[in-house]
Amino acid sequence: MNVMTPAALTLRRIAEQDNSAVASVIRQVSAEYGLTADKGYTVADPNLDELYQLYSQPGHAYWVIEQGGKIVGGGGVAPLKCSDTDICELQKMYFLPTARGKGMAKKLALMAMDHARRQGFTRCYLETTAFLKEAIALYEHLGFEHIDGPLGCTGHVDCEVRMLKVL
C-alpha cells in the first residue's frame with residue numbers, strides 16, 4: 001500500500017527568484033480573506049512584486065516557507081517607517097492553507113524578532129485585521145499587546161488591530 005506523506009516545510013531567507021511566488025501567496029491569501037487592494041491592505045503595497053529588493057536593505061529580513069519546492073508562505077521584519085528608530089515592524093506574514101497549523105508562523109515570527117533584536121530594535125509593532133483571528137491569537141501568545149492608535153506610516157489604513165511587543 002502506498003501512503004502519500006506531505007512534503008516537509010522548510011524555512012529560508014528570500015531569494016530574488018522568489019519575488020513572484022511570494023507576491024502570489026500574498027494575493028491568494030488576501031483574496032481568501034477579502035483583503036482587497038482598495039482598502040489599504042498589504043496586497044496594495046507598491047513593492048509587493050519586489051520583496052527581495054525591499055528586504056535586502058539594512059535592518060530588513062524576509063523568510064519564505066517552502067513545501068515540495070513550492071513557496072507556501074512567508075514573513076519578514078523591517079524598520080517601522082516614520083517612527084522611533086528602535087521600533088521594527090513584523091510584516092507580510094501570509095501562509096497558504098497547506099502551511100497553516102504546523103507551527104511555522106510562530107517559528108518565523110520568533111526568527112524575525114531575534115533578527116530585529118540583533119539589529120538593535122527594542123520594540124516590534126504589527127498591524128492586522130480582525131478577520132485574521134488565528135494570527136491575532138498567535139501574536140497574543142507571543143506577547144504582543146494591543147495598542148490604541150497606529151504607529152509609523154504604514155499606509156495600511158484598514159488594519160484596525162495594532163499590537164506592540166518589547167523585544
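Say whether the condition of being closer than 17 Å to Ala23 by Cα, of a type in the set (Gly, Ala, Ser), in a strand (DSSP E or B) and at pLDDT 95 or above is met by at least one residue in segment 54-61. Looking through segment 54-61, at least one residue is closer than 17 Å to Ala23 by Cα, of a type in the set (Gly, Ala, Ser), in a strand (DSSP E or B) and at pLDDT 95 or above. Residues of segment 119-134 that are under 24 Å from Asp86 (Cβ atoms) and either modelled with pLDDT of 95 or more or not charged (D, E, K, R) (or both): Gln119, Gly120, Phe121, Thr122, Arg123, Cys124, Tyr125, Leu126, Thr128. Every test in (1) closer than 24 Å to Lys165 by Cα; (2) at pLDDT below 95; (3) surrounded by 19 or more Cβ atoms within 10 Å (Cβ to Cβ); (4) out of contact with any helix residue (DSSP H, G or I) (no Cβ under 7 Å at 6 or more places or on another chain) is passed by Thr42 save one, and that test is (4).
Kindly evaluate Gly68 against the criterion of being modelled with pLDDT of 95 or more and out of contact with any strand residue (DSSP E or B) (no Cβ under 9 Å at 6 or more places or on another chain). I'd like the intermediate steps shown before the answer.
Details: modelled with pLDDT of 95 or more: no; out of contact with any strand residue (DSSP E or B) (no Cβ under 9 Å at 6 or more places or on another chain): yes.
In short, no.
In segment 97-106 there is no residue matching the filter, namely being in contact with a strand residue (DSSP E or B) (Cβ under 7 Å, 6 or more places away or on another chain) and farther than 19 Å from Leu9 by Cβ.
Suppose we filter Phe121, Phe131 for residues that are under 22 Å from Gln28 (Cβ atoms), in a loop (DSSP other than H, G, I, E, B), touching a residue at least 12 places away in the same chain (Cβ under 8 Å) and not basic (Lys, Arg); which single one remains?
Numbers: Phe121 fails: under 22 Å from Gln28 (Cβ atoms).
Of Phe121, Phe131, the one residue that is under 22 Å from Gln28 (Cβ atoms), in a loop (DSSP other than H, G, I, E, B), touching a residue at least 12 places away in the same chain (Cβ under 8 Å) and not basic (Lys, Arg) is Phe131.
Among the residues of segment 106-121, are any within 17 Å of Ala23 (Cβ to Cβ) and not hydrophobic (A, V, I, L, M, F, W, C)?
Checking segment 106-121: not a single residue is within 17 Å of Ala23 (Cβ to Cβ) and not hydrophobic (A, V, I, L, M, F, W, C).
Exactly one residue among Ala105, Ala78 is in a helix (DSSP H, G or I), of a type outside the set (Ser, Thr, Tyr) and surrounded by 16 or more Cβ atoms within 10 Å (Cβ to Cβ), and that residue is Ala105. Residues in segment 135-167 that are in a loop (DSSP other than H, G, I, E, B) and either modelled with pLDDT of 95 or more or more than 16 Å from Cys88 (Cβ to Cβ) (or both): Leu142, Gly143, Phe144, Asp148, Gly149, Gly155, Val157, Asp158, Cys159, Glu160, Leu167.
The values are calculated or read from the model by the stated rules, or taken from the named source; none is laboratory data. Just so it is clear, the model here is predicted, and its values are computed rather than measured. With ideal geometry, Cβ positions are generated from the backbone for all residues, glycine too; neighbour counts draw on all protein chains shown.
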